[in-house]
Structure formats: C-alpha cells, structure tokens
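This report concerns only the one structure given below.
The values are calculated or read from the model by the stated rules, or taken from the named source; none is laboratory data. Being a predicted model, the structure only gives us computed values, none of them experimental. Using ideal geometry, Cβ is built from the backbone for each residue, glycine included, and neighbour counts are taken over all protein chains shown. We work out accessible area using only protein heavy atoms, side chains counted, and drop any ligands, DNA or RNA first. Shrake-Rupley method; radii C 1.70, N 1.55, O 1.52, S 1.80 Å.
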Amino acid sequence: MLFTYYQKSNPYSRFPMADNKGLLAFYCTGFLKENVYFLQDFDTVAVVETDGTDCICYDLFSDVKTSLEKVLEVLAVPETKRIVLGFTPREAVGQAVLLKEDDTTLFLLDGKEDLFCQYPLMFPLLSHA
C-alpha cells in the first residue's frame, strides 16, 4: 500500500521525491515502521512521528488534494505544540515549520548556489541518504 501511494507523490510538496523506493523502504521498514499511517478520510498515507510536543510529518502520499492544514490536524496528538514538516510545502501552512538540521550538507557546483537562495527548498527528509 505504501509503494502504491508513493507513486501518487506528495500533492502538498513543492519539491517531492520521485523514483526513490529504496530510501523509502529503508526508512519505512526500519526505524519509522511504526510511524506509517493510512488516513482513510483523506485517502492518504502519512509518515509521521511524535517527538515530545513536536509532530514531525516526514511525508504525505496521495492524489487527493484536500487542505494540508486539515490533514495535519488529524495527525497531531493532543499534546502537540508544533508541527514540523519534512518537505517544502507548496504554500505556507499556519504554524507549521520546516525541519532544520545543522549536520546536513548539500554540495553544489560552483555558480549554482543561487538556485537555493532564490527558491528556498529542502530535499524531503525521506530522500536523505
């Protein structure tokens, strides 16, 4: 089911991962295997982890475009104070923030760094190798 929905991509992401089943399987059959959910009301597969008062939404896979805020409301537990996105959303989402990590590095060819300065993007967390 996960791979079927993965093929539909993330309709909320500005920069979704594609053709990356190996890394998806690595994460979702490994340490995130208890964090894969099917949201029947939204026809969506979600990879979500709760860490204290943070709800980390790694990725969403669906071809149904409903409100991202409504999907995130369903995923958050009552103790959630902050929703962290593991992908770059197409549009701003209420109080949700992007995950920022200090120990990740992306190497760019000389002269190509402006691409990320002009268009703030992050690689989806589930595509990090």
(request) Could you tell me whether Ala76 is modelled with pLDDT of 90 or more, open to solvent by less than 60 Å² (accessible area, probe 1.4 Å) and farther than 26 Å from Lys21 by Cβ? (result) yes
(message) Pairs needed: first member in the range 64-82, among the acidic types (Asp, Glu); second member anywhere, surrounded by 14 or more Cβ atoms within 10 Å (Cβ to Cβ) and in a loop (DSSP other than H, G, I, E, B); C-beta distance under 9 Å; at least 6 residues apart or different chains.
(response) Glu69/Val93; Glu69/Ala96
(request) Considering only residues that are in a loop (DSSP other than H, G, I, E, B) and not aromatic (Phe, Trp, Tyr), look in the range 79-89 and name the one that is most open to solvent (accessible area, probe 1.4 Å). (result) Lys81
(message) Out of the residues in the range 40-62 meeting the condition of being of a type in the set (Gly, Ala, Ser) and within 19 Å of Ala18 (Cα to Cα), tell me which one is surrounded by the fewest Cβ atoms within 10 Å (Cβ to Cβ).
(response) Ser62
(message) Could you check the range 63-73 and list, in sequence order, the residues that are open to solvent by 20 Å² or more (accessible area, probe 1.4 Å) and β-branched (Val, Ile, Thr)?
(response) Val64, Thr66
(message) I'm checking my understanding of the structure. Among residues of the range 12-22 that are open to solvent by less than 40 Å² (accessible area, probe 1.4 Å) and at pLDDT below 90, which one is farthest from Thr80 (Cα to Cα)?
(response) Asn20
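Test Asn35 against the stated conditions and say whether it is open to solvent by less than 70 Å² (accessible area, probe 1.4 Å), over 14 Å from Asp63 (Cβ atoms) and modelled with pLDDT of 95 or more.
Details: open to solvent by less than 70 Å² (accessible area, probe 1.4 Å): yes; over 14 Å from Asp63 (Cβ atoms): yes; modelled with pLDDT of 95 or more: yes.
Taking the combined requirement at face value, the residue satisfies it.
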